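Report on the structure given below.
The values are calculated or read from the model by the stated rules, or taken from the named source; none is laboratory data. Remember, predicted model here, so these are calculated numbers, not experimental data. Virtual Cβ from ideal backbone geometry, glycine too; neighbours counted across all protein chains shown. All accessible areas refer to the heavy atoms of the entire protein, side chains included, with ligands and DNA or RNA removed. Shrake-Rupley method; radii C 1.70, N 1.55, O 1.52, S 1.80 Å.
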Amino acid sequence: MTTIFGIPLQAFLGQLLIGLINGSFYALLSLGLAVIFGLLRVINFAHGAQYMLGAFVALLLLQYLGVNYWLALLIAPLVVGLFGALIERTMLSRLYDLDPLYGLLFTFGLALTIEGTFRYLYGAAGQPYSVPPSLAGGTNLGFMFLPNYRGWVVVVSLVACLGTWLLIEKTKLGSYLRAATENTVLVQAFGINVPLLLTLTYGLGAALAAFAGVLAAPIYQVSPLMGTNLIIVVFAVVVVGGMGSILGAIVTGYMLGIAEGLTKVFYPEASNIVIFVIMAIVLLLRPAGLFGKDA
Amino acid sequence: DASDGVVKIGILNDQSGVYANFGGKYSYEAAKMAVEDYGGKVLGASVEVITADHQNKPDIASNIARQWYDTEQVDAIMELTTSSVALAVQAISKEKKKIDIVTGAATTELTGAQCSPYGFHWAYDTYSLAVGTGGALVKEGGDTWFFLTADYAFGYSLEENTANFVKANGGTVSGAVRHPLATTDYSSFLLQAQSSGAKVIGLANAGLDTSNSIKQAAEFGIVAGGQRLAALLFTLAEVHGLGLEAAQGLTLTEGFYWNRTPEAAEFGKRFFDRTGAMPNMVHAGTYSAVLQYLKAIEKAGTDETEAVAKALHEMPVNDIFAENGKVGANGRMIHDMYLMEVKKPGESDVAWDYYKVLATIPGDEAFIDPAKSGCPLVSQ
Amino acid sequence: MADMAETTETGGRTEAHSAMASSIRLGFLLVGLAALAVAPAFLYPVFLMKLLCFALFACAFNLLIGYTGLLSFGHAAFFGGAAYFTAHAVKEWHWTPELGVLFGVFGAAVLGLVIGFFAIRRQGIYFAMITLALSQMFYFFCLQAEFTKGEDGIQGVPRGHLFGLVDLSVSTNMYYFTLAVFVIGLLIIWRFVNSPFGMILKSIRENEQRAVSLGYSVQYYKLGAFVMSAALAGLAGGVKALVFQFATLTDVTWQMSGEVILMTLLGGIGTLIGPVFGAGLVVTLQNYLATSDFPVTIVTGVVFMACVLLFRRGVVGEFYASRLGRRLGFEHRR
Amino acid sequence: MVLSARGLGMRFGDFNAVSNVDLDVHHARVHALIGPNGAGKTTVFNLLTKFLTPTSGTITLLGTDITGMAPDRVARMGLVRSFQISAVFPHLSVLDNVRVALQRPNGLATQFWRPLSALDRLNERADQLISAVGLSEARNVMAADLSYGRKRVLEIATTLALDPKVLLLDEPMAGMGGEDVAVVAGIIRNVARDRAVLMVEHNLKVVADICDHVTVLQRGEILAEGDYRTVSEDPRVRVAYMGTEEA
Amino acid sequence: MGALLQVGNLHAWYGESHVLHGVDMSVGEGEMITILGRNGVGKTTTLRTIMGIIRQRRGEIRFAGRDMLSVPLHRTAHAGIGFVPEERGIFASLTVEENLLLPPVVADGGMALDEIYELFPNLLERRTSPGTKLSGGEQQMLAMARILRTGVRLLILDEPTEGLAPVIVQRIGEVLRKLKARGMTILLVEQNFRFASKIADRFYLMDHGRMVADFPVSELPDRMTMLHKVLGV
Ligand SMILES: Nc1ncnc2c1ncn2[C@@H]1O[C@H](COP(=O)(O)OP(=O)(O)OP(=O)(O)O)[C@@H](O)[C@H]1O
Ligand SMILES: Nc1ncnc2c1ncn2[C@@H]1O[C@H](COP(=O)(O)OP(=O)(O)OP(=O)(O)O)[C@@H](O)[C@H]1O
Ligand SMILES: [Mg+2]
Ligand SMILES: [Mg+2]
């Protein structure tokens, strides 16, 4: 039997695939962070909370209104996006003139508040959300048993990432957004309603997080804490990718997912710090990150 | 008689953090039930229960404990979820000569090297869980094991204890994989466990980590494929959170199950009416601890610490939680533990009816012999 | 040129003013110290000691954010790390308390050097994220390392005899030891900030490129400030381990890093004593909420948001900026 | 000769911003670097001060090869620049701006144990510099509150505080009112008495008045060199840069 | 018909510092006006206040008869005013061409892209490179070019010749003249007196946040001594 580093090829392929699946979540989340950061210069600490909100909205929709997974996949990001837009409009937008650190601190507080509230209402233990019947079961790929739902996650996250990237890099709207990042006042003086743009952007970022949350709901326990630790890892992903580029966030997300997946096989104890270690190495060699534009 | 005309019990635990479902506010409720059931008075003094949320921070916990003892005339502190808190508060109680009864923490240190003449450990500990699941399950035929272990001291001690019992009972351990605390995705580890071919996959972790492992094991069809999952620290509250769909077939050990005896069921219903949830071993254990404490005061005829501690050490425990429980010289309350299997969705007819009792582990097997516990108070 | 004449005049006035201001400040300081000296008679000593430890921690943190503009999201590593080092040295190696604390400070400084080495490569938010990530690594280390005793923590740390003489297990002795450490820590910070070195730090915060072109090795200055801040945070953590007689994981979590930010923000970033007030408020709040029905995290979160939105300058900063504060001769720097 | 570059080249991607530039800067002379916009003047400055690393060529400062050195070291060796976009410490007073520049050369930069008043001994020198550029009345004003022109003047003062051997000035007169131009031109003339000055400037009158030597850059290459008269009569320079206008 | 832009008793503040102390000026349709003044007298501030970038303001600003004081910043351009800031404001994350195409067209009559490239061949050459990788002069051209597309009626320029080579300055002069010939109204702040004197129809002289003189180009020779004294030119 063929082996790679002492691991049977089959098992190796399986682990690679699993890494890719987890990378999907990293990619979606770091993409949302990159969008918000890129345009608002705000590190959205509440991103993990918004991810959690997405999952919870889907759960509550199911419990109280009987709304199924597919509809939830549309409604939950919309709800969370609107909520994000509201937060941006009423509060976050007052911080743009200040040091970007205040945005970080504000969203940190926001994250605590959201998570605290859900913990208060629903407790810290998770709640179950089932895989939609049409995606239940799995496929035997020969080298592993792949739950169908996980396959779906990879595909849909790729599509979402690509779509967002195209929106920002290739459309007129995207160029307004990028310009507004650099000099809000001037873009406004050109006749573009920047405050509205920024609100939409934050809404979009939050919606992306919520989308990832709904995707995650059938895999992980839906719990108020599900985003808390994830967000730190995603920060590291973002540092490795370099915040200059949206594409960087996506690619790095997938890559680190895979790196982490392989670590879980070869040296499982280190699998939660491997991303941080990679971050340290990247910082030494390329302080701006792998895809960062500013050197 | 009671020194100041009132007996005050403090329930100190996590009410907003990760362990809030484990004990939390409901433990406070259980304590109040115990007081009511006892009649609200002991030796003519009224009994009062107060509570605080230590937020999983030992420093906040010790601040509160000190203030309770020094300025609020609290006589005993109970529950104490999380071992760092329990150990810290037990040290303070020892210094202040006050009684503490731990029902929420798992570490055997409490009745081992760091034991206290006034400190008691109710409900469960890592050792008893390991004996229950490791020992009893092998006898049920689960003789090859693979461990999924949380990569920190708690996980190691669960794994080590369990593995010892597995081997002692003639089973073998085919491997283990260490996963970091608070991992979200277990599929890599589960695949490794799956390919090991072991009959039992032991989950030496806790809380959300265990829930997620179980849920993902269901997703990858591990139980359906014939392997058995054994959670080493998992309670009714968490089974409820996971749902029978994902949890079915899971094996675990608890010190209490509400539907095991009629008395327990009666208590469970009353508890349910007050909280909306059925009690787990932490809640029932807290009830038992409070009740036993009041009985001990009655017996000692005073609420003075030395006398009450002496009474607690001497009196048998008989209530809805324990039958013929006894307290060792190291403070460990020794009672029977139960190996449970989670029912399939179809098998459960009443709400919260989740367990089948597979085996009863007699107290003397379930807990460390006080003489071997390493507690300096016990003559070895 | 009329406006120029005016500015010179204001310049003159400022000097007279600042003389008065410094005497007023001195007055406030003495009153504050006196209050702390007699406080144990009125307040719970362990609570006070905890407050002093966190106050010093917040001040150390403020040294970085307030005076070099670097937001560290990983200061818990230094605070909690030092607590472990001190606890281990005192409990396992039987060192005297002052040596134990120094060991904690040293450990925190080394840790600061390592984390700082990576973090100062980037600025602003990146810096915050890198410190967060690296301190999270340290957290995992503490979780798994043998000597920290996992989630039990190092318990039952003896307070010992200071210099082999003063018995610190006597609460009052411990209190005055803590107070002394706190005052010394504050003095060090004050001197550090108002020194030639501090001036360079300030200029780096203002315009880093320009500082480079004036020949300053900006990285070394930042690292210097980072290590100093880490060491002082370690001082606070080491003493805390003695006060509570244990060292646990709580103090190395990233939530703790968030808390110290809250303390500093609430009190006033860039003010010398703001963090002291902030720490006081947060510690009191947590203690109070422990016995109330209010969930702590929600309250903390809301306070955080309110602070950022409504009074960014913090309690002390707002006071300085207020009419009364300015009349008394305080000025806010930022 | 204090600063010299040989075969200096800089590529950005596939764009040659600077190619094969030889430059010699001499003591006690004002050397002008002129050329159309985008010719690569600022880039040459960035290369010389090591804010950019050249893709080819070598740079020698006072006999030492500095091609691989870090910018702060180069600055400490005595090569100091000003920026095209004004660079001051906005929330420090004018005095403090100058004192910060004086701290390092006077060995007062790393003392974290000494009080701020230790810096008072720099005041005399700082005030000299401030008055030399005519900012005395604004001594205690925050730099942020100065107008654009005055910020530039302040920047020159801080640069002089380092007592550099070679002074690189990137468009020092840009955005300056007429009266300031004359003052600054005087200052530059003055400081060049005992150091080398290399400046980029579009104000040809200034170039004509104070520069001893002129290098004209076009598309990253040297187009012409010599004193102002020679250069300004070169027809290629007239087409590429000066247009029909008289200085 | 009144002036296209009418400013009356305009005050403006930066925080607590009062910078404009009652500016009065008017710009007629098709005029080219230059504001002169020493550094720091408030020229830039005047322009920014008219645009609505500085919101701490009081007084009167009318554009084509419409009160502009209550118009939000992002509607100013739609009213027909285009602005080229002193610091140019080129966007680093956009290519040259994206920069060019960024401001929305607010009215007919703007220049086509080809025309613009013809006017500024440098930009054509570097159309795909990032905006801020341009040299200072190229950036200035881009900043102007960008506005020409939009079809605004009034062009406000803050020191357009700063840092530009003499040939380019000449070219910009030509461009401005062409724009004027097309009927565009231009309001300009300029330190380069020689340049300004050649293209403006009328001058305002500013000091201490007020307009202290106002005269047409024909009076320039008579005013030279005064200007010399105030400006040092
Ligand atoms: N980092 C960079 N990446 C790519 N191209 C660059 C970079 N920096 C400068 N350039 C290009 O190099 C050329 C030279 O630029 P430089 O800034 O040196 O010109 P300059 O002579 O100083 O012009 P000006 O007088 O307008 O300031 C320009 O065409 C510019 O677009
Ligand atoms: N952001 C600001 N905050 C406070 N004061 C400012 C600010 N910007 C400018 N000022 C002050 O306002 C006054 C007018 O500045 P303004 O920029 O309008 O001058 P200017 O005439 O354009 O000068 P220059 O020719 O140097 O560009 C100056 O005294 C300046 O110090
Ligand atoms: Mg240039
Ligand atoms: Mg101006």
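Per residue, the average separation of C-alpha pairs within less than 8 Å and at least 6 apart gives chain B a relative contact order of 18 percent. Could you tell me which of the pairs B:Lys97/B:Lys310; B:Lys25/B:Lys96; B:Lys32/B:Lys326; C:Lys202/C:Lys222; B:Lys94/B:Lys299; D:Lys205/E:Lys43 are separated by over 20 angstrom between their Cα atoms in the structure shown? Beyond 20 Å between Cα atoms: B:Lys25/B:Lys96; B:Lys32/B:Lys326; B:Lys94/B:Lys299; D:Lys205/E:Lys43. Compared with the dominant Cα axis of chain C, that is its longest principal axis, helix C:76-92 is turned about 40°.
Normalised by the number of residues in the stretch A:1-142, what is the relative contact order in percent for Cα pairs under 8 Å and 6+ residues apart? Kindly include the intermediate steps, with their values, before the conclusion.
Details: 71 pairs, mean separation 35.7, N = 142.
Relative contact order, the stretch A:1-142: 25 percent.
Share of the stretch D:3-242's accessible area from carbon and sulfur, percent, 1.4 Å?
Numbers: 4420 of 8850 Å².
Exposed carbon and sulfur together represent 50 percent of the surface.
How many percent of the accessible area of the stretch E:3-231 is carbon or sulfur, using a 1.4 Å probe? Could you put the intermediate results ahead of the total?
Numbers: 4140 of 8390 Å².
That fraction is 49 percent.
Surface calculation, 1.4 Å probe, protein heavy atoms: A:His47 sits at approximately 0 Å² accessible. In the stretch A:124-154, burial by the other protein chains removes 40 Å² or more of accessible area from A:Ala124, A:Ala125, A:Pro128, A:Phe145, A:Pro147, A:Arg150, compared with the chain on its own (1.4 Å probe, ligands and nucleic acids ignored). Only one residue of C:Thr96, C:Gly116, C:Ala180 has its Cα farthest out toward the positive end of the dipole of the stretch C:21-253, where Lys and Arg carry +1 and Asp and Glu -1 on Cβ, and that residue is C:Gly116.
Computed on the Cα trace of the stretch D:144-247, the radius of gyration divided by the Kirkwood hydrodynamic radius gives Rg/Rh = 0.99. Computed with a 1.4 Å probe over protein heavy atoms only, the accessible surface of the stretch A:126-207 comes to 39 Å² per residue.
Using Stokes-Einstein with the Kirkwood hydrodynamic radius over Cα pairs, what translational diffusion coefficient do you get for the stretch D:3-242 at 37 °C and a viscosity of 0.692 mPa s, in µm²/s rounded to a whole number?
Numbers: Rh = 18.5 Å.
After rounding, the answer is 177 µm²/s.
On the stretch C:21-253, 73 percent of the accessible area sits on carbon and sulfur atoms, based on a 1.4 Å probe.
Taking R0 as 41 Å, what's the FRET efficiency between B:Asp70 and B:Glu160 from their Cβ-Cβ distance, rounded to 0.05? Between B:Asp70 and B:Glu160 the formula returns 0.55. Applying both filters, DSSP loop and at most 12 other Cβ atoms within 10 Å, to the chymotrypsin sites (Phe, Trp or Tyr not before Pro) of the stretch A:4-98 gives A:Phe5. Under the simplified labelling scheme, the D:Met1-B:Glu365 pair shows an inter-label distance of 9.6 nm, with each label point 7 Å from Cα along Cα→Cβ.
Please list the equivalent ellipsoid semi-axes of the stretch E:71-167, computed as the square roots of five times the alpha-carbon gyration tensor eigenvalues, in descending order and whole angstrom. If you can, show how the numbers build up before the last one.
On the way: eigenvalues 87, 44, 34 Å².
Semi-axes from the Cα gyration tensor: 21, 15, 13 Å.
With springs only between Cα atoms under 10 Å, which of B:Ser213, B:Ser196, B:Ser83 fluctuates most in a Gaussian network model of chain B? Maximum among the listed residues: B:Ser196.
Computing FRET efficiency as 1/(1 + (r/R0)^6) for A:Thr139 and B:Glu36, where r is the C-beta to C-beta distance and R0 is 51 Å, gives about 0.35.
Partners of B:Lys57 within straight-line reach, counting aspartates and glutamates whose Cα lies under 15 Å from its Cα and excluding those fewer than 8 residues away in the same chain: B:Asp14, B:Glu79, C:Glu151, C:Asp152, C:Asp251, C:Glu259. Under a no-solvent Debye model with one identical scatterer per Cα of the stretch E:3-231, what's log10 I(q)/I(0) at q = 0.13, 0.17 Å⁻¹? Here log10 of I(q) over I(0) equals -0.76, -1.29. Helical content of chain D, expressed as a calculated mean residue ellipticity at 222 nm, amounts to -8500 deg cm²/dmol (DSSP H runs of 4 or more residues, -39,500 (n - 2.57) each, divided by residue number, nearest 500).
In this simple spin-label approximation, D:Asp227 and E:Trp13 carry label points 7 Å from Cα along the Cα→Cβ vector, and these lie 5.8 nm apart.
Mean-square fluctuations from a GNM of chain B, with a 10 angstrom spring cutoff on Cα atoms, peak among B:Ala76, B:Ala204, B:Ala359 at B:Ala359. Residues considered: D:His213, D:His91, D:His31. Largest GNM mean-square fluctuation over chain D, using C-alpha springs under 10 Å, is found at D:His91.
Dipole magnitude for the protein assembly as shown: computed about the Cα centre from +1 point charges on Lys and Arg Cβ and -1 point charges on Asp and Glu Cβ, it is near 2800 debye. The residues of chain D expose on average 38 square angstrom of accessible surface per residue, using a 1.4 Å probe on protein heavy atoms. When we measure straight from the Cα of B:Lys356, which aspartates and glutamates land under 19 angstrom away, once same-chain ones fewer than 8 places off are left out? Of all the aspartates and glutamates, those that pass the test against B:Lys356 - Cα under 19 Å, at least 8 places apart if same chain - are B:Glu140, B:Glu238, B:Glu245, B:Glu254, B:Glu263, B:Glu266, B:Asp336, B:Glu341, B:Glu347.
With Rg and the Kirkwood Rh both taken from Cα atoms, where does Rg over Rh land for the stretch C:183-320? The Rg/Rh ratio comes out at 1.02. Candidate cross-link partners of A:Lys172 among the lysines, defined by an alpha-carbon separation under 26 Å and a same-chain spacing of 8 or more, comprise A:Lys293, E:Lys133.
So, with +1 on the Cβ of K and R and -1 on the Cβ of D and E, and no other charges, what is the size of the charge dipole of chain C about its Cα centre, to the nearest 20 debye? It would help to have the intermediate numbers written out before the result.
Working: 21 positive and 17 negative charges, 112 e Å.
For chain C, the charge dipole is close to 540 debye.
Give the calculated FRET efficiency between A:Ser93 and C:Glu146 to the nearest 0.05, with a Förster radius of 51 Å applied to their Cβ-Cβ distance. Spell out each step's value before the answer.
Numbers: r = 50 Å, r/R0 = 0.97.
In this case the efficiency is close to 0.55.
Could you state how much accessible area is buried at the B-A interface, both sides summed, with a 1.4 Å probe, in Å² to the nearest 100?
Working: alone 13950 and 13950 Å², together 25380 Å².
In total, this chain pair buries about 2500 Å².
Each of B:Ser196, B:Gly141, B:Gly268 was placed along the dipole of chain B (beta-carbon charges, centred on the mean Cα), and the one lying farthest toward the positive end is B:Ser196. Helix E:136-148 and the long axis of chain E differ in direction by around 80°, with both axes built from C-alpha atoms. Distance between the pseudo-spin-label points of E:Glu29 and C:Thr284 (7 Å out from Cα toward the beta carbon): 6.9 nm. To the nearest whole percent, what portion of all C-alpha pairs in the stretch C:207-249 is separated by more than 11 angstrom? Roughly 70 percent, once rounded to a whole number.
What value, in deg cm²/dmol to 500, does the helix sum -39500 (n - 2.57) over DSSP H runs of n ≥ 4 give at 222 nm once divided by the residues of chain E?
-10000 deg cm²/dmol
Which residues among the stretch B:276-294 fall inside the zone where the amide N is under 17 Å from a point 7 Å beyond the Cα of B:Asp353, along Cα→Cβ? Under cut-off, by backbone N: B:278-279.
Reported to the nearest whole Å, the Cα centre-to-centre distance from the stretch D:214-235 to the stretch A:38-90 is 64. For the stretch C:161-250, chymotrypsin sites (Phe, Trp or Tyr not before Pro) are listed when DSSP marks them as loop and at most 10 other Cβ atoms sit within 10 Å of their Cβ; the list is C:Phe163.
Total Å² of accessible surface buried at the C-B contact, 1.4 Å probe, nearest 100?
2600
When each pair of different Cα atoms in chain C is counted once in the 1/r mean, what is the Kirkwood radius in angstroms, to one decimal?
Values: mean 1/r = 0.0484 Å⁻¹.
It is 20.7 Å.
Checking buried surface per residue: for the stretch B:208-242, which residues lose a minimum of 50 Å² accessible area in the protein assembly relative to the chain alone (1.4 Å probe)? At a threshold of 50 Å² (probe 1.4 Å), the residues of the stretch B:208-242 that become less exposed are B:Leu208, B:Lys215, B:Glu219, B:Phe220, B:Gly241.
Bridge orientation summary for the protein assembly as shown: considering DSSP beta bridges with both residues in this region, about 50 percent are antiparallel. Note on chain A: Rg/Rh from Cα positions, Kirkwood definition for Rh, rounded to two decimals, is 0.98.
Chains A and C together bury some 3800 Å² of accessible area, summed over both sides, with a 1.4 Å probe.
With n ≥ 4 as the cut-off for DSSP H runs, can you work out [θ] at 222 nm for chain C, using -39500 (n - 2.57) per run divided by the number of residues, rounded to the nearest 500?
Values: 14 runs with 248 residues, N = 334.
Computed ellipticity for chain C at 222 nm equals -25000 deg cm²/dmol.
Take the eigenvalues of the Cα gyration tensor for the protein assembly as shown, scale each by 5, and report the square roots as semi-axes in whole Å, largest first.
68, 36, 29
The angle separating the long axis of helix B:153-168 from the principal Cα axis of greatest extent in chain B is about 70 degrees. Magnitude of the charge dipole for the stretch C:20-177, about its Cα centre and with charges confined to Cβ atoms of Lys, Arg (+1) and Asp, Glu (-1), is about 420 debye. For the protein assembly as shown, the cysteines with no partner cysteine C-beta closer than 4.7 Å are A:Cys161, C:Cys53, C:Cys59, C:Cys142, C:Cys307, D:Cys211. Projecting the Cα atoms of A:Val185, E:Gly37, A:Ser175 onto the charge dipole of the protein assembly as shown, computed from C-beta unit charges around the Cα centre, puts E:Gly37 farthest toward the positive end. Size estimate for the stretch B:181-235 follows the Kirkwood approach: the inverse of mean 1/r over distinct Cα pairs works out to 11.1 Å.
Taking the highest mean first, how do the peptides B:246-259, D:154-167 order by number of other beta carbon atoms within 10 angstrom per residue? The partial results should precede the final answer.
Numbers: B:246-259: 25.0, D:154-167: 22.9.
Descending packing order for the listed peptides: B:246-259, D:154-167.
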